[in-house]
1. Rounded to the nearest 10 Å², what accessible area does A:GLU559 have for a 1.4 Å probe in the complete protein model?
2. Just the number, please: buried accessible area between B and A, total of both chains, 1.4 angstrom probe, nearest 100 square angstrom.
3. In chain B, what percent of the accessible surface is made up of carbon and sulfur (1.4 Å probe, ligands and nucleic acids excluded)?
4. Could you check how much of the accessible area of region C:54-178 is carbon and sulfur, as a whole percent, using a 1.4 Å probe?
5. State, in angstrom, two size descriptors of region A:14-228 derived from its alpha carbons: Rg to one decimal place and Dmax to the nearest whole number.
6. Calculate what fraction, in whole %, of the accessible area of region A:14-228 sits on carbon and sulfur atoms when a 1.4 Å probe is rolled over the protein chains.
7. Hey, any idea what Rg/Rh is for region C:54-178, computing Rh the Kirkwood way over Cα pairs?
8. Which FRET efficiency value, to the nearest 0.05, is calculated for A:LEU496 and C:MET33 with the Förster distance at 51 angstrom and r the Cβ-Cβ distance?
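The values are calculated or read from the model by the stated rules, or taken from the named source; none is laboratory data. Just so it is clear, the model here is predicted, and its values are computed rather than measured. FYI the Cβ positions are ideal-geometry reconstructions off the backbone, even for glycines, and counts take in every protein chain you see. These accessible areas exclude ligands, DNA and RNA; they are computed on the full protein's heavy atoms, side chains included. Shrake-Rupley method; radii C 1.70, N 1.55, O 1.52, S 1.80 Å.
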Amino acid sequence: MATTYRTCPASGLQFEAHAEKLMKWNAVVAVLWLLVGGIGALGVIMTRWPAFKLLPADQFYTILTAHGVDMLLLWILHFEMAVLYFASSTLLRCRLATPKMGWLGFWLMVIGGIMTNVAIFQGESSVMFTSYVPMQAAPHFYLGLILVAVGSLIGCGIFMGTLVVAKKDKTYTGSIPMVTFGALTATIIAVFTILSGAGILIPTFLWSVGLIKEIDAQLYRMVWWALGHSSQQINVAAHVSIWYLIPAIVIGAKPLSEKVSRGAFLLYILFLQLASAHHLLSDPGMSAEWKVLNTSYFMYFAVMASMIHGFTVPGAVEAAMRRKGFNNGLFEWLRKAPWGNPAFAGMFISLVSFGFLGGISGVVLGTEQINMLMHNTYYVPGHFHTTVVTGTTLAFMAVTYLLVPTLFRRKMIWPKLCQIQPYLFGIAMSITGLVMMGAGTLGVSRRHWDMAFSGAPFQYEWPGAAYLMMGMTGFFGVITIIGGALWIVLVVGSLLFGEKLDGGVVSDKPTPIPAATPAASASHHGSDHVAVPGTVVLAMALLVAFVLYYYVNWKYLSEVWLLS
Amino acid sequence: MAENDSDIPFMQKLLDNHFLLLVIGVVSPGVIYILWGIIDIMNTPLAK
Amino acid sequence: MSSILPPSNRLWWKESIDKTEWTWIGIAFVWGMIMFVMMIYWHIYGKQNLSNEAYKTTPEMFAAKAEKFIAENTIRKETDQEIPVVKVPAGGDGYLIARLWNWYPILELEKGKEYKIHLSSMDYNHGFSLQPVNINIQVIPGYEHVVKMTPTSTGTFAIVCNEFCGIGHHTMLGRIYVK
Ligand code: HEM
Ligand SMILES: [Cu+2]
Ligand SMILES: [Cu+2]
């Protein structure tokens with residue numbers, strides 16, 4: 001297919017026409033799903049806020065199912081498709097492999113997403129996005145999800161194909177860039193995820209139309225979580241890539257060490273998906289050996305990898321800032337970082353919140369025995385709103401502040417509000433996540449319409465602190481939603497009304513990435529070798545928080561009834 | 001560069017071999033999580 | 001050179017790693033090993049481990065065993081629904097049915113005695129959430145999970161269902177007495 005290449009004058013990025021269009025459409029659809037899911041969030045949070053209890057039970061469960069599907073799958077997956085096309089075609093400056101297939105994948109995802117939502121809002125599929133058998137949804141609930149999975153699998157194939165194209169057309173020399181390597185990691189995890197998803201959703205669909213008699217409930221949970229949790233690991237790989245991307249563009253940061261960061265991604269490829277076992281730690285049918293080895297990502301090698309990224313990403317920022325002369329004391333580089341740039345601010349809040357809140361709580365929650373304290377409590381959504389929301393979603397929001405001018409060629413409207421948005425959203429959601437975890441620590445259930453148990457044969461009174469936490473969840477949740485709505489207004493407003501920017505030169509041949517001249521690579525090393533004492537202090541703070549919180553939970557565990 | 005790759009370390013070659021990584025990344029959890037998981041479930045004895 | 005460009009050093013794997021980075025990698029590795037060993041340690045020396053004793057079953061089989069247990073050990077009935085309160089023999093087996101939307105029956109235990117509590121579901125997934133102790137166990141249809149429990153406190157405890165099981169999920173509240 002004939003195509004053209006446009007070089008953005010501001011960023012120097014080169015966009016191939018087909019890839020550009022696919023990225024735009026995937027991003028736009030992603031934002032629309034975020035909008036739907038966000039409206040759902042409002043219904044969910046206002047119902048769980050004991051003072052309001054907005055929706056009746058049936059609507060609550062319907063909306064909660066929609067919130068899970070639209071946010072976790074549709075918003076994230078569509079955006080990730082855009083990230084994959086960007087990290088392959090744009091960063092490697094080559095044409096996108098099989099753009100027609102790209103559109104096929106796109107439409108499958110769109111149709112599948114709509115189909116599943118129709119099923120949910122018809123009311124017969126309030127089964128939560130996990131749809132544990134034998135609770136049954138309408139057949140088109142599963143069919144829609146299968147289409148979404150096939151569509152995203154096509155996207156992964158195009159990513160891999162584009163890597164081949166770039167190599168063949170020699171648009172780069174040596175190894176692919178770090179960000180592309182991170183996207184490759186995400187793709188690999190996605191392939192496993194989607195294959196597992198197909199492995200369980202197709203039989204479930206057949207069961208829902210009556211062609212299969214029964215699906216083992218434990219087997220379903222085991223295979224389903226290879227989809228459900230691994231898809232979160234795609235997000236991790238994707239947002240870590242964005243953590244590398246944004247400082248590279250905004251302040252010219254480079255990895256401290258290519259070897260270390262790529263090695264960490266390799267550990268992700270090998271072990272990250274095993275953590276799907278986190279969800280089955282309190283299940284009857286899995287052996288303790290299986291649980292321990294899988295939940296620990298094979299002896300915590302993937303946690304080690306995350307701790308490495310948590311060091312090298314701020315380390316790269318520190319090194320770049322120090323090279324710019326912000327060399328005073330431990331933290332001048334941090335104080336003088338571009339906090340007014342919403343892309344950078346969003347990325348850094350994402351990093352800190354994911355590391356301190358999402359990461360630590362996730363590992364604690366994923367400890368085999370400690371899991372019994374929190375399984376299915378409000379702690380669980382508390383944890384993952386500090387991973388998939390302050391981590392992934394905020395990183396995606398942050399990178400959008402860069403994409404709107406370069407990809408959509410529009411200036412962001414209302415720059416002052418743009419500056420505030422990542423703080424509003426990131427901080428409010430971090431607090432929301434924390435108080436959700438607090439309520440969960442006190443035992444409050446997730447996916448539960450009424451913590452007063454109206455209509456039950458007995459009474460149980462949660463401690464007053466639990467009600468307080470749930471109230472705070474409501475309050476800060478609403479602020480988060482305002483922060484999210486603000487982002488949607490800013491992005492959509494900019495796309496419609498933002499000042500048009502110069503698109504830059506269009507050519508019908510790609511301009512390859514210039515090979516590093518031997519002189520250049522000899523004079524300054526590929527990686528940044530500046531001492532990063534500030535990062536060391538931050539990392540140590542993380543470690544101390546981690547160790548303390550980890551052992552506090554063992555202490556809690558040792559105080560409950562004896563179990564064996 | 002294509003003329004002579006012999007000086008490239010093994011690990012770098014591995015990390016540049018995207019399709020091999022794909023295979024590794026699918027097989028590893030496919031065996032440790034899925035396959036072992038299925039074996040576990042199949043080995044659950046029947047209730048008396 | 002930059003995260004968005006290919007590494008400028010052709011042989012980037014041969015670059016040396018900074019000492020601070022090595023140190024952090026080492027710390028992360030050691031901490032990971034400690035966390036891994038902690039789980040194994042707790043299996044050997046800890047007193048809160050989830051039992052691995054589980055069987056494949058059917059709702060009918062499990063209900064039959066539970067009904068027999070209830071018939072033999074009921075000591076009184078409670079609430080206007082006449083829910084049996086069943087005293088589990090010390091050191092013996094107790095059965096708890098999870099179904100839409102109740103936990104059946106009410107169990108009575110004694111502090112400091114060990115019990116084998118059999119859990120299973122008659123229909124969907126349910127969540128055994130013992131409050132305010134805060135022990136949470138997944139209950140899955142088709143599986144009989146035998147959990148050994150020793151209460152360490154006395155009083156009236158609630159079993160909240162914390163796995164979504166349909167419209168009556170929030171009414172699914174059970175009870176355990178510990179004397
Ligand atoms: C914008 C602000 C948001 C608020 C206030 C919010 C609030 C909530 C609350 C309170 C729950 C728990 C309901 C319960 O278990 O009873 C929930 C569930 C969930 N949320 Fe959010 N959320 C927000 C954004 C997001 C985003 C951006 C994502 C994903 C990218 C997300 C993914 C989920 C998922 C997957 C669930 C679990 C649904 C289930 O249990 O089936 N949320 N949300
Ligand atoms: Cu239930
Ligand atoms: Cu329930």
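1. Only protein atoms counted, so the area is about 110 Å².
2. Using a 1.4 Å probe on protein heavy atoms, the buried area is about 2600 Å².
3. Ligands and nucleic acids excluded, carbon and sulfur give 73 percent.
4. 51 percent
5. In order Rg, Dmax, the Cα atoms of region A:14-228 give 18.8, 62 Å.
6. Its accessible area is 73 percent carbon and sulfur atoms.
7. Using Cα coordinates only, the ratio equals 0.92.
8. Between A:LEU496 and C:MET33 the formula returns 0.40.
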